[in-house]
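Asks: A single structure is presented below for examination.
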Amino acid sequence: MTDIERALVIGATGNIGRIAVELLRERGVHVRGLARDASGLPAGVEAVSADVHDLDALGAAAEGVDAVLLIWPSLTAEGADDVAARLRGRIVYVSAMSVRDDAPPERNGVWGQVEAAIRRHTGDWTFLRASGFATNALQWALAIRAGGPVRIPYPRAARSLIHERDIAESAVAAMTEPGHTGRAYVLTGPAAITQEDQVRTIGPAPVVAASREEARAEMLAWADPAFADGALDYWASLVDEPEPVADGVRELTGHPARPFAQWAADHAADFRPLSTPEVARRYADAFAKGRMERALPLYDPAAVRAAPLEGGGEVRGLDEILAHAARLTADLDIHGVTVHGPYVGADGFAVRFTFDQTRRSTGERSTLTKLSLLTVERGVITREDVHYFDPA
C-alpha cells in the first residue's frame with residue numbers, strides 16, 4: 001500500500017539506498033535513483049549519475065516526485081542548505097541517534113546540521129535517527145578473511161547496531177505511508193553487543209585492542225580531527241554505558257529490528273576468503289570505474305608494496321602509498337583510464353592500465369602505461385610490483 005507514485009532515492013547504489021529502491025519498486029512506485037555512478041541500478045529505475053551537490057542535476061531529478069529519501073554522502077554539512085532547497089515532496093532523511101532536539105545544530109554534528117537545513121525549507125519531513133550501521137563491521141572483512149587479528153579500539157564498547165534492511169524498510173514506510181510527517185524516529189538494533197562479540201559472531205578471529213593513538217591516526221586518513229576525537233570519546237563511553245536500544249523499527253515497519261547475528265549471517269560471503277580470480281575481478285572493476293575506495297580494501301594493510309620511486313627503494317603501508325600517489329599526480333590531470341585484464345595466474349594476477357593525462361604546469365599531454373603484478377594470499381593482495389613505461 002502506498003500513497004505516492006514517484007520517488008527519488010539519493011544514494012541509490014549504497015547499502016541502504018539499493019534496498020530502498022527494490023522495496024519501492026515492489027510497492028509499484030516509479031523510482032529515480034541518484035548516485036555518482038548510477039549505471040548499476042536495475043532496469044526500470046530512472047538512473048541519474050550525479051553528485052548530490054550538482055544542484056542542476058539534483059533539481060531536475062527532484063522535479064515531479066512525491067517523496068525523497070536522502071542519505072547524506074559526507075562527514076560535513078557543507079552545501080546542505082542548497083541541497084535541501086531543491087528537494088520536493090515528502091523528505092525522509094537518514095540521520096543519527098546522537099542528534100538532540102534541545103541542542104543547537106552546531107552541537108549535533110553533520111547529521112543535526114542537515115536536519116536543520118531540511119527544516120528551513122519544508123515542514124514535510126521525517127528523520128530516521130539511526131544507531132551505528134552494522135555494515136561498518138565490513139571494515140574488518142580483510143582481517144577476518146586473513147585469519148586475524150582484528151585490531152579495534154575499545155573492544156568492550158557495546159553498540160546497538162542496526163541492519164541496513166531495517167533502515168531501508170523504515171524509510172520506505174515513512175515515504176509511502178501517511179502519518180509520519182514532522183516525526184523523528186530512533187532506529188536501533190534489538191540489543192547492544194560489544195565490538196569483540198561482533199567479531200566472534202561473524203567468525204573465528206582473534207581481537208586485539210588498538211590504542212587510541214593508533215585508531216586516531218587511521219581515522220585521520222578519512223576524517224577531520226574533531227570527528228575522530230568525538231567518535232573515539234563516544235566509543236570509550238560505551239564500555240561502561242552501552243548504546244541505548246529503541247523500538248523505532250517496530251513502530252514504522254510492524255516487526256522488531258533484526259539482531260546482529262542475522263546481519264552476520266546475511267553477510268557471511270563478505271567475510272569468506274576470496275579466490276584469486278575474484279580478487280582480480282574486483283580490483284580491475286574498481287579501477288575501471290575510478291573507485292579506488294573499492295580497490296584498497298582488497299589489500300592486506302600490512303603488505304609491502306614495492307614500486308619504483310624517484311630515489312629507488314620501497315613504499316610501506318597504505319598511508320605512504322597514498323602520499324606517494326598524491327606526489328606523482330600533483331601536477332597531472334587524468335582524463336581517462338583504460339583497463340586491460342586482469343590476467344589471472346595461480347597465486348596472483350596482472351593488470352595493465354593506460355592513462356591519458358595532461359601536465360598542468362606545461363599543458364603537455366601524454367599517455368602512460370602502468371603494469372601491476374599482484375600477489376594474492378588467503379584472499380588478499382600482499383604485494384604489488386608496478387612498472388611504468390611509454391606505450392609507444
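Asks: Taking the dipole about the Cα centre of the chain, with the C-beta of Lys and Arg at +1 and of Asp and Glu at -1, give me whichever of Gly59, Pro259, Ile91 is farthest to the positive side.
Replies: It is Pro259.
Asks: Could you give the dipole magnitude of segment 201-245 about its Cα centre, charging the beta-carbon of Lys and Arg +1 and that of Asp and Glu -1, in debye to the nearest 20?
Replies: Numbers: 2 positive and 9 negative charges, 33 e Å.
I would put it at about 160 debye.
Asks: Could you give the accessible area per residue of segment 175-282, probe 1.4 Å, as a whole number in Å²? Please report the intermediate quantities before stating the final value.
Replies: Details: 5540 Å² over 108 residues.
Per-residue value: 51 Å².
Asks: May I pose another question? In Å, the Kirkwood hydrodynamic radius of segment 1-96 over pairs of distinct alpha carbons?
Replies: Hydrodynamic radius (Kirkwood, Cα pairs) of segment 1-96 is 13.1 Å.
Asks: Once you list every other residue whose beta carbon is under 11 Å from the beta carbon of Pro342, what net charge do they have if Lys and Arg are +1 and Asp and Glu are -1?
Replies: My count for the surroundings of Pro342 gives +1.
Asks: Using a cut-off of 14 Å between beta-carbons, work out the net charge of the residues near Phe271 (Lys and Arg +1, Asp and Glu -1, Phe271 not included).
Replies: Values: positive: Arg145, Arg200, Arg272, Arg378; negative: Asp266, Asp270, Glu278.
Combined, the nearby Lys, Arg, Asp and Glu give +1.
Asks: Same structure, new question: Using alpha carbon centroids, what distance separates segment 50-124 and segment 164-220, in Å?
Replies: When both Cα centres are located, 21 Å separates them.
Asks: Same structure again: Please list, short to long, the whole-number percent of alpha-carbon pairs of segment 78-119 in consecutive 10 angstrom bins beginning at zero.
Replies: All Cα pairs, binned at 10 Å, distribute as 31, 54, 16 percent.
Asks: Would you tally the net charge around Glu78, using a Cβ to Cβ cut-off of less than 13 Å, leaving Glu78 out, and scoring K and R as +1, D and E as -1?
Replies: Working: positive: none; negative: Asp51, Asp81, Asp82, Asp224.
Charge balance near Glu78 sits at -4.
Asks: Here's a follow-up. Given the rule -39500 (n - 2.57) for each run of at least 4 DSSP H residues, summed and divided by the residues of the chain, what is its mean residue ellipticity at 222 nm, to the nearest 500 deg cm²/dmol?
Replies: Values: 15 runs with 133 residues, N = 392.
When only DSSP H runs of four or more count, the value is -9500 deg cm²/dmol.
Asks: Continuing with this model, one more query. What's the carbon and sulfur percent of the chain's accessible surface, probe 1.4 angstrom, rounded to a whole number? All intermediate terms of the calculation are to be shown ahead of the outcome.
Replies: Numbers: 9500 of 18670 Å².
The computed percentage sits at 51.
Asks: For the chain, how big is Rg over Rh, using alpha carbon atoms and the Kirkwood form of Rh?
Replies: Values: Rg = 22.5 Å, Rh = 22.9 Å.
Ratio value, two decimals: 0.98.
Asks: Return the Rg/Rh value of segment 179-254, two decimal places, where both radii are evaluated on C-alpha atoms and Rh is the Kirkwood radius. Provide the component values of the computation, followed by the final result.
Replies: Working: Rg = 16.3 Å, Rh = 15.3 Å.
That ratio is 1.07, to two decimals.
Asks: Note down the magnitude of the dipole of segment 1-89 about its Cα centre, charges +1 on Lys and Arg C-beta and -1 on Asp and Glu C-beta and zero elsewhere, to the nearest 20 debye. Display every interim value, and only then the final one.
Replies: On the way: 8 positive and 14 negative charges, 56 e Å.
Taking the Cα centre of segment 1-89 as origin, the dipole is about 260 debye.
The values are calculated or read from the model by the stated rules, or taken from the named source; none is laboratory data. Because the structure is a prediction, the values reported are computed rather than measured. So basically every Cβ, Gly included, is an ideal-geometry build from the backbone, and we count neighbours across all protein chains shown. In case anyone asks, the SASA skips ligands and DNA or RNA and just uses the protein heavy atoms, side chains included. Shrake-Rupley method; radii C 1.70, N 1.55, O 1.52, S 1.80 Å.
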